[in-house]
1. Given points 7 Å out from each Cα along the Cα-Cβ axis, report the residue 58 to residue 34 separation in nanometres with one decimal.
2. The stretch 25-74: percent of C-alpha pairs farther apart than 12 Å?
């Protein structure tokens with residue numbers, strides 16, 4: 001078991017997913033918040049991480065990690 005603040009995707013980046021490629025993350029600004037997202041197969045973006053010093057950003061259920069956002073964001 002690994003206890004770390006570094007995401008497991010980064011630690012195990014040499015392992016490949018089912019598409020034989022490593023997930024690529026992008027940082028976007030969405031509704032005034034900086035988010036780290038990855039592209040999903042259905043052209044949505046899965047929120048991986050919130051990058052903010054505002055504590056209220058982490059309470060906003062719309063931008064929680066794991067949520068999928070759609071639209072012309074990037």
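Read-outs: derived from the displayed coordinates by stated rules, not from any lab. Keep in mind that what you see is a predicted model, and the values were worked out from it rather than measured. Heads up, the Cβs are rebuilt from the backbone with ideal geometry, glycines too, and the neighbour counts pull from every protein chain shown.
1. Roughly 1.7 nm, to one decimal.
2. That tail contains 57 percent of the Cα-Cα pairs.
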